[in-house]
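Some notes on the structure that comes next.
Values in this text are rule-based calculations from the coordinates and carry no lab data. Source: prediction; values computed, not measured. Every residue, glycine among them, receives a Cβ derived from its backbone with ideal geometry; neighbour counts consider all protein chains shown.
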Amino acid sequence: MDPLTLATVGESSMGGALKEGGTFAAHYRVVSSEADGGRRWVSFSSSTGFGGAALTFYEFGEDGRKLHETTHALENTSMVFVHDMLVSEHYYIVLLGPIDFDPKKFATQYVLSKCSIAECLVYDRNKPARVVLAPRPGRPSGKVLAPRSLPTDPCFAFHHVNAFEVRPGP
Ligand SMILES: [Fe+2]
């Protein structure tokens, strides 16, 4: 993107680090508390399909080199609508709201330009939201914690503020 005109200059795969034709999240995280004093740039892409949905997390060093690429399959999920993420010491964290896709509205209204793609999303307040904790590799502790999916009250948020881990007391 041209920094003055905001015109599109072209597409980049980050030197081949990203999959061809894949997506890349609008929001990334800069982790500045690494044990080696360095920073990490972390972001994600999502994939949706009849075979299931997944999130792929990318972690880059300060020199732009890709350090980790981790794909996390989402159980019982066929559609992903995630806009932002969080990072803690051992986890990539996303909030999956109870969002479904309305294929009928897509076929009968969106393709005829009668509604936006966002209007094809349906919020189901009868389903729980899930906080997904995907293990972060390459941590100084040497630990790769188990993936977790924590159901919670129905909710949705586009953006998040921060995440941290609390160690159990003595
Ligand atoms: Fe945003």
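Annotation note: GluC sites (Glu not before Pro) in the stretch 77-170 located in DSSP loop regions with a Cβ neighbour count of at most 12 within 10 Å are Glu165.
A Förster distance of 41 Å, applied to the separation of the beta-carbon atoms of Leu150 and Val30, puts the FRET efficiency at 0.95.
What is the sum of charges, Lys and Arg at +1 and Asp and Glu at -1, for the other residues whose Cβ falls under 15 Å from the Cβ of Lys114? Residues near Lys114 contribute 0 overall. The Cβ shell under 13 Å around Leu18 holds other residues with a net charge of -2, Lys and Arg each +1, Asp and Glu each -1. Loop-resident chymotrypsin sites (Phe, Trp or Tyr not before Pro) (DSSP state other than H, G, I, E or B) in the stretch 113-170 with no more than 10 further Cβ atoms inside 10 Å of their Cβ: Phe164. Extension gain, Ala17-Glu165: 0.36 nm per intervening residue step, less the Cα-Cα distance, totals 50.4 nm. Restricting the trypsin sites (Lys or Arg not before Pro) of the stretch 30-120 to loop positions (DSSP other than H, G, I, E, B) with no more than 15 neighbouring Cβ atoms within 10 Å leaves Arg39, Arg65, Lys114. Shown for the stretch 35-130: lysine pairs separated by 8 or more places, or found on different chains, whose C-alpha atoms are under 22 Å apart, numbering 4. On full extension, the segment bounded by Lys104 and Ala157 gains 16.6 nm, given 0.36 nm per residue less the C-alpha separation. Across the options Gln109, Pro137, Thr152, the greatest Cα extent toward the positive end of the charge dipole of the stretch 107-170 (unit charges at beta carbon of Lys, Arg, Asp, Glu) belongs to Pro137.
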